[in-house]
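Notes to accompany the following structure.
The values are calculated or read from the model by the stated rules, or taken from the named source; none is laboratory data. From a predicted model like this one, the values you see are computed outputs, not experimental measurements. With ideal geometry, Cβ positions are generated from the backbone for all residues, glycine too; neighbour counts draw on all protein chains shown. Quick note on the areas: whole protein, heavy atoms, side chains included, nothing else; ligands and nucleic acids left out. Shrake-Rupley method; radii C 1.70, N 1.55, O 1.52, S 1.80 Å.
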Amino acid sequence: MSEILFDEIPSLDLEDFTSGDAEKRAQFVKQLGDAYQNIGFIALRNHGLSNELTQRLYATTQELFSLPDEVKQKYENPELAGQRGYIGKGKEKAKGFNTGDLKEFFHVGQDLNGIPDSDPIKSEYPANIFPTEVEGFKEATLEAYRKLEAAGKQVLRAIALHLNLEETYFDEKVKYGNSILRPIHYFPIENPDSVPANAVRAAEHGDINLITLLMGASADGLQVLRRDGQWIPITALPEQVVVNVGDMLARLTNNKLKSTIHRVVNPPRELMHTSRYSIPFFMHPRSEMDLTCLESCINEKNPKAFPDATAGEYLNERLIELGLKKPKCKL
């Protein structure tokens, strides 16, 4: 396939894939494959999130982050390596960077009540942590989690078809997967001179997971690094979510599908005092998923690029790199 340099990310309609129309399904899979083999991002319509739910989620997110820092810190547990609850300002840094990002965020994972006791994965996940001060936050985040997870499963089915795998290849691998909903607050900077010169809202990075579904943010700032080295702005329209390839999927496909580097840049100096809110859903598989490169994605021109690892092993490695987890000391 010839290289395509997109000036903007392609917009797709998930109903084309789920409607049962064979021609529309085939076109959706082709367009998705073209996008993911080149820029690694799409914008997706008809994803299942209602405007009402989106508005409710953003309203409760803003209320959460407007709480005093000492209140938010009640919901921060360092022993969880940032996997549930509140993660404070500047705690996370991108791989290869020493300066923390100018953000704070909150993590919501699988609802343990929805996992059967017979599934051993249930014992791997900590319980969710919810702020008692914000009415409706728990309900809105769990509902959005379920909607985005369902949309993500359909996208993964289309990806499987693009890779000439069984359509249901990912189904069991993401059933009760270790996915995370992350409401983010890029907090105001009243004095721009007070922060390190290289501090940004989110330094350039690739996502850890299989795919990310990102609800439209409250302000501009997201940029994607195109294959020719040019940064292009990404803005999801209100009725769309942005869906991008993560590092786990890139590993599985030996970089056939691109986990594209992206970042959130600081606003102009005169707008540094304003907030930006964003809510990505990081779709993870179960920890035991084998990320060994698919044989069909390995050839002489594209030799195997990654060592074998499970999803759990790779996640642990990346949490250490992000500064959310401390490496174990060697005796």
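Observations on the structure shown:
- Scanning region 246-256 turns up no residue that is free of Cβ contacts under 8 Å to residues at least 24 places away in the same chain and open to solvent by 40 Å² or more (accessible area, probe 1.4 Å).
- The single condition among (1) touching a Phe, Trp or Tyr at 6+ places or on another chain (Cβ under 8 Å); (2) among the aromatic types (F, W, Y); (3) surrounded by 19 or more Cβ atoms within 10 Å (Cβ to Cβ) that F130 does not satisfy is (3).
- Residue satisfying condition, being in contact with a Ser or Thr (Cβ under 9 Å, 6 or more places away or on another chain), surrounded by fewer than 16 Cβ atoms within 10 Å (Cβ to Cβ) and either among the polar types (S, T, N, Q) or over 22 Å from H162 (Cβ atoms) (or both), within set D308, D290: D308
- Cross-chain or 6+ apart pairs with Cβ under 7 Å, region 183-200 first and under 13 Å from N266 (Cβ atoms), then surrounded by fewer than 20 Cβ atoms within 10 Å (Cβ to Cβ) and of a type in the set (S, T, Y): Y186/S275; F187/S275; P188/T274; P188/S275; P196/T99; N198/T99; A199/T99
- Taken over region 153-181, the criterion of being surrounded by fewer than 20 Cβ atoms within 10 Å (Cβ to Cβ), charged (D, E, K, R) and farther than 15 Å from G246 by Cα is satisfied by E166, E167, D171, E172, K173, K175.
- If you go through region 72-99 and pick out every residue that is more than 20 Å from the chain's Cα centre (by Cα) and either assigned to a helix (DSSP H, G or I) or under 20 Å from V264 (Cβ atoms) (or both), you end up with 8.
- Condition met for I9 (part of a loop (DSSP other than H, G, I, E, B), open to solvent by less than 50 Å² (accessible area, probe 1.4 Å), in contact (Cβ under 8 Å) with a residue 24 or more places away in the chain and closer than 27 Å to L156 by Cα): yes
- Candidates S259, S218: the one that is modelled with pLDDT under 85 and under 26 Å from S11 (Cα atoms) is S218.
- Selected residue (only one of L102, L148, L142 is crowded, with 19+ Cβ neighbours inside 10 Å, part of a helix (DSSP H, G or I) and not polar (S, T, N, Q)): L148
- Residues of region 34-45 that turn out to be open to solvent by 10 Å² or more (accessible area, probe 1.4 Å) and touching a residue at least 60 places away in the same chain (Cβ under 8 Å), as a count: 2
- Qualifying positions in region 122-139 - touching a helix residue (DSSP H, G or I) at 6+ places or on another chain (Cβ under 7 Å) and not in a loop (DSSP other than H, G, I, E, B): K122, F137
- Filter result for the condition that a residue is on the phi > 0 side of the Ramachandran plot and under 21 Å from the mean Cα position of the chain (by Cα), over G33, G48, G20: G48
- Those strands (runs of 3 or more DSSP E) of region 153-272 in which at least 2 residues are more than 30 Å from V134 (Cα to Cα), considering only elements entirely within it, cover 202-205, 222-225, 231-233, 241-245.
- In summary, V29 fulfils each of the numbered conditions (1) free of Cβ contacts under 8 Å to residues at least 40 places away in the same chain; (2) in contact with a Leu (Cβ under 9 Å, 6 or more places away or on another chain) with the single exception of condition (1).
- If only residues of region 30-56 that are under 12 Å from K258 (Cβ atoms) and assigned to a helix (DSSP H, G or I) are counted, the one that is modelled with the lowest pLDDT is N38.
- Every residue from region 78-118 that is aliphatic (A, V, I, L, M) and within 26 Å of K138 (Cβ to Cβ): L80, A81, I87, V108, L112, I115
- Qualifying residue in region 234-247 (condition: in contact with a Cys (Cβ under 8 Å, 6 or more places away or on another chain) and either under 30 Å from Y169 (Cα atoms) or modelled with pLDDT under 90 (or both)): no
- Every residue from region 185-218 that is of a type in the set (A, V, I, L, M, F, W, C) and either open to solvent by 40 Å² or more (accessible area, probe 1.4 Å) or more than 22 Å from the chain's Cα centre (by Cα) (or both): I189, V195, A197, V200, A217
- Count of residues meeting criterion [farther than 30 Å from N51 by Cβ and of a type in the set (A, V, I, L, M)] in region 210-263: 6
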